[in-house]
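Take a look at the structure below.
The values are calculated or read from the model by the stated rules, or taken from the named source; none is laboratory data. For clarity, every value in this text was computed on a predicted model and none was experimentally measured. Using ideal geometry, Cβ is built from the backbone for each residue, glycine included, and neighbour counts are taken over all protein chains shown. In case anyone asks, the SASA skips ligands and DNA or RNA and just uses the protein heavy atoms, side chains included. Shrake-Rupley method; radii C 1.70, N 1.55, O 1.52, S 1.80 Å.
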Amino acid sequence: MPRVARAPFFCAPVGSWPRPPALVRALRERRQGRMDDETFGRLADEAVRAAVAAQEAAGIDVVTDGEQRRDNFLAFVAEKLDGVAMMTVAELLPHLEDKAAFEEVLGTLDVPAFALTNPVATGPIRRRKPLAGDEVAYLGTLTQRPIKVALPGPYLLTRAMWVEALSRHAYPDRESLAEDVVRILREEIAELKARGVAIVQLDEPVFTEVVFTQRHAHRTFMCGALTQRMEAEQELAWAVDLVNRTVSGLTGDDTWLAVHICRGNWSTQEDLLLSGAWDPLVPYLEALAVDQLVLECATERAGSLETLKALPQHLGIGVVNPRTPQVERPESIVERIARLTDAVPPERIALNPDCGFGTFAQRPMNGPEVAQAKLAAMAAARDTLRARWA
């Protein structure tokens, strides 16, 4: 299986791709026990083929399976792990510490509590089956391009899965749950490396939730993360430690380990999403012992690229916004990236969307046509950048 492209300005998706309506229905029917795994698998295979074909037609360098088999980028782990239950936010509300405040946030963000699901640790957790093994096995039969797999990061998983009233008999605190989360992710990463996956990406969007929620509320529905115990500095230091423990001894070879951080992907309304420059997060980003950072940068809410120039990792720069219908002009992408190259060499820059195009199965940000056009704009910008810096 091909490894990650080492050429400058390579293009890669973040992870998810819009699911076709038939697959969205199939996901729901399987969850309700009205569709068997074999029938669902055939529909999912068809959707993956379409997602890969669209990515290849757009001309990008690294592909994913579009996370077509997942209900969302986080909750899918419930069916792969023992000791984890899939619960809707409506089912979780009675068990939360501050139910009223959380309901108020859901109302503000127009997130239906009955429609979104969250994995919850209800007993000791262990892998029943690989988290992404079936995805990689099938994807490898469809493409000759390097493959990327996204997994929920250890901080996101721990925050999402530890609900005190439901988890405390197995895990008295978040820290004890985190030990098992790190172990499980390390097992998964080792297997994905052995399969020849080019990039394994840990999704950690809650880093920005810790810093930027105060302008909206004390807590948001940031990717299902329900608990925060410490002040922001302590919380972020703990999050960095979890990531570094997860990747320790696994970086620095042909499989890159990446961390993706955005500002939320639950709405197309920019004013509902988290806003703030990267500056307060830079010390924590610098401390992440990963090969690549994949960062939201295409929106004005993310501030200037100047802040990122000092980071030591390979940078996956978000250059298209998956939430807007307007397709970015390749010339504009080139102009933005050119501002980085006085301090960051081209071989340390990749082009990415800000986030996935279909984070939640029933709430895609755009349709596949727009998503493909945005990837094609990235690829056109890559070609111009490579010609300029040849």
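The table below gives the values:
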read-out	value
Selected residue (criterion: most open to solvent (accessible area, probe 1.4 Å)) from residues of region 358-390 that are assigned to a loop (DSSP other than H, G, I, E, B) and either modelled with pLDDT of 95 or more or of a type in the set (A, V, I, L, M) (or both)	Ala390
Qualifying residue in region 196-217 (condition: at pLDDT below 90, assigned to a loop (DSSP other than H, G, I, E, B), under 21 Å from Leu281 (Cα atoms) and open to solvent by 20 Å² or more (accessible area, probe 1.4 Å))	yes
Residues within region 162-176 that are part of a helix (DSSP H, G or I) and more than 11 Å from Gly123 (Cβ to Cβ), tallied	5
Qualifying residue in region 295-302 (condition: closer than 30 Å to Ala190 by Cβ and in a strand (DSSP E or B))	yes
Matching residues, region 300-330, being under 17 Å from Ser275 (Cβ atoms), open to solvent by 20 Å² or more (accessible area, probe 1.4 Å) and not acidic (Asp, Glu)	Arg301, Gly303, Ser304, Thr307, Thr324
Given (1) surrounded by fewer than 17 Cβ atoms within 10 Å (Cβ to Cβ); (2) touching a strand residue (DSSP E or B) at 6+ places or on another chain (Cβ under 9 Å); (3) small (Gly, Ala, Ser); (4) closer than 19 Å to Val197 by Cβ, number of the condition Ala7 does not satisfy	(2)
Residues satisfying the stated conditions in region 338-357, i.e. part of a helix (DSSP H, G or I) and either on the phi > 0 side of the Ramachandran plot or touching a Pro at 6+ places or on another chain (Cβ under 9 Å) (or both)	Pro346, Glu347, Arg348
Check on Glu135, without any contact (Cβ under 8 Å) to a residue 40 or more places away in the chain, acidic (Asp, Glu) and not in a loop (DSSP other than H, G, I, E, B)	no
Any hit, region 21-43, residues being under 23 Å from the mean Cα position of the chain (by Cα), under 20 Å from Cys262 (Cβ atoms), modelled with pLDDT of 90 or more and not β-branched (Val, Ile, Thr)	no
Count of residues meeting criterion [closer than 30 Å to Gln362 by Cα, of a type in the set (Ser, Thr, Tyr) and crowded, with 17+ Cβ neighbours inside 10 Å] in region 249-299	2
Flag if Ala165 is open to solvent by 20 Å² or more (accessible area, probe 1.4 Å), modelled with pLDDT under 95 and of a type in the set (A, V, I, L, M)	yes
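A quick yes/no check of all residues on (1) more than 20 Å from Ala12 (Cβ to Cβ); (2) in a loop (DSSP other than H, G, I, E, B); (3) more than 18 Å from the chain's Cα centre (by Cα); (4) at pLDDT 95 or above:
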{"residue": "Gly276", "(1), (2), (3), (4)": "yes, yes, yes, no"}
{"residue": "Leu285", "(1), (2), (3), (4)": "no, no, no, yes"}
{"residue": "Leu288", "(1), (2), (3), (4)": "no, yes, no, yes"}
{"residue": "Leu293", "(1), (2), (3), (4)": "no, no, no, yes"}
